[in-house]
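Taking it in order: structure first as structure tokens, then the write-up.
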């Protein structure tokens, strides 16, 4: 492009009109202003802009020379008259004289605004989808399953849709915007799930530097969607026995054994799915859970009564007596079983018993043993609840006994209850004697 430099001359509206008529393709005219040194009008074939050139104050420490000239665009004759352009140029000149660098600062602001516009919440969900499978779970152990990731992302997108924030830059989402989630979504499990998913997503945005503060954290707990009433449903041993018998009709042997194991042992469904042969001692009738595999990250030990041992010994024999490896391996992928809902739905249909969840089995265990006179503390120990959370003062700090002999008796009693309900005949129960400790 051919450049023509003219001036310095007094730039007026008449001057601007004249130079605009002289524009041509492949040509640029730079008209320098006489009254404000560094100010120029740049005329191209289709545009005109005001430009101001200045030299930042100080010396470049690397070269030992003065900084090179900087150029900043002020606007065009439509937005700035010659008088306005001179005033803006003088303002920038004053900032430079004070040690500032207006051109660099303007460029940085423009880049920040560009990033902010590009980092809309819906776009960031795509980045979150790549990061979420590698983020450790907030509860329990390990990494989230693909099913959890899919549900979490769906809840985030739904939350953004409810508050109409899909195309909102992440940095512009405020607490007032989040409050709309409660106003629009109300209370209940769905609203709480959406708020929780959005909160975790905004935590990631904060960790990744997209926002300075998670706006969800600014919502008081009283203003957040209320949790649904805690489930109080439990099954009787007779109902559990009905599910045990119905499990025989499940389409996969591993589904049958997994369902029966959850009936027999009051563990969490994920703990059973990740059960490894290296954690089982069949001779000692014990399942020793490492801390990284439990919800509260406390190592835990469970006694295996005859019903549970029967399931495990048969699977162990059929698998070739391995020392390590998943006990309940998915038949297709070979990974940990994760079709919890499918197994439950088929089992409920075959048993003709609906309205229950896998977690109800743990509540059923505690309820049945409570009715049989087993102390709540022992039941809590079997369920691996942090007992100090329900013990106050010094007792909560110093009483750390697991009461293992009583746990064993409780598990044997539970196995006996189930066996009697399944067979309709009284089943023997192993008696574990108390051993005195001498200190």
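The values are calculated or read from the model by the stated rules, or taken from the named source; none is laboratory data. Computed from a predicted structure; not experimentally measured. When we count neighbours, we look across all protein chains shown, and the Cβ atoms used for this are built from the backbone with ideal geometry, even at glycine.
Go through (1) surrounded by fewer than 18 Cβ atoms within 10 Å (Cβ to Cβ); (2) in the same structural domain as residue 198 (by TED's automatic domain parsing); (3) at pLDDT below 85 for residue 144 and report which single condition fails.
(1)
Determine if the range 311-328 includes at least one residue that is closer than 16 Å to residue 407 by Cβ, in contact with a helix residue (DSSP H, G or I) (Cβ under 8 Å, 6 or more places away or on another chain) and free of Cβ contacts under 8 Å to residues at least 40 places away in the same chain. Quick ask: steps written out before the conclusion?
Taking the range 311-328 and keeping what is closer than 16 Å to residue 407 by Cβ, we get none.
No, the conditions are met nowhere in the range 311-328.
Suppose we filter 347, 337 for residues that are crowded, with 18+ Cβ neighbours inside 10 Å and farther than 25 Å from residue 143 by Cβ; which single one remains? So that I can check it myself, show each step before the final result.
On the way: 337 fails: farther than 25 Å from residue 143 by Cβ.
Selected residue: 347, the only one of 347, 337 that is crowded, with 18+ Cβ neighbours inside 10 Å and farther than 25 Å from residue 143 by Cβ.
Consider residue 84 against the criteria (1) under 18 Å from residue 35 (Cα atoms); (2) within 49 Å of the chain's Cα centre (by Cα): it satisfies all of them except one. Which criterion is unmet?
Residue 84 satisfies all of (1) under 18 Å from residue 35 (Cα atoms); (2) within 49 Å of the chain's Cα centre (by Cα) except (2).
Could you tell me which of the residues 369, 353 is closer than 14 Å to residue 411 by Cβ and either buried (at least 19 other Cβ atoms within 10 Å of the Cβ) or assigned by TED's automatic domain parsing to the domain that holds residue 288 (or both)? First the steps, then the outcome.
On the way: 353 fails: closer than 14 Å to residue 411 by Cβ.
Within the list 369, 353, the selection yields 369.
Does residue 358 satisfy the criteria of being without any contact (Cβ under 8 Å) to a residue 40 or more places away in the chain and not assigned by TED's automatic domain parsing to the domain that holds residue 136? Give the derivation first.
Details: without any contact (Cβ under 8 Å) to a residue 40 or more places away in the chain: no; not assigned by TED's automatic domain parsing to the domain that holds residue 136: yes.
In short, no.
Within the range 331-419, which helices (runs of 4 or more DSSP H) (wholly inside it) include 2 or more residues that are modelled with pLDDT of 90 or more? Give the steps one after another, and end with the answer.
Numbers: elements: 340-351, 360-371, 376-382, 393-398.
Qualifying helices (runs of 4 or more DSSP H): 340-351, 360-371, 376-382.
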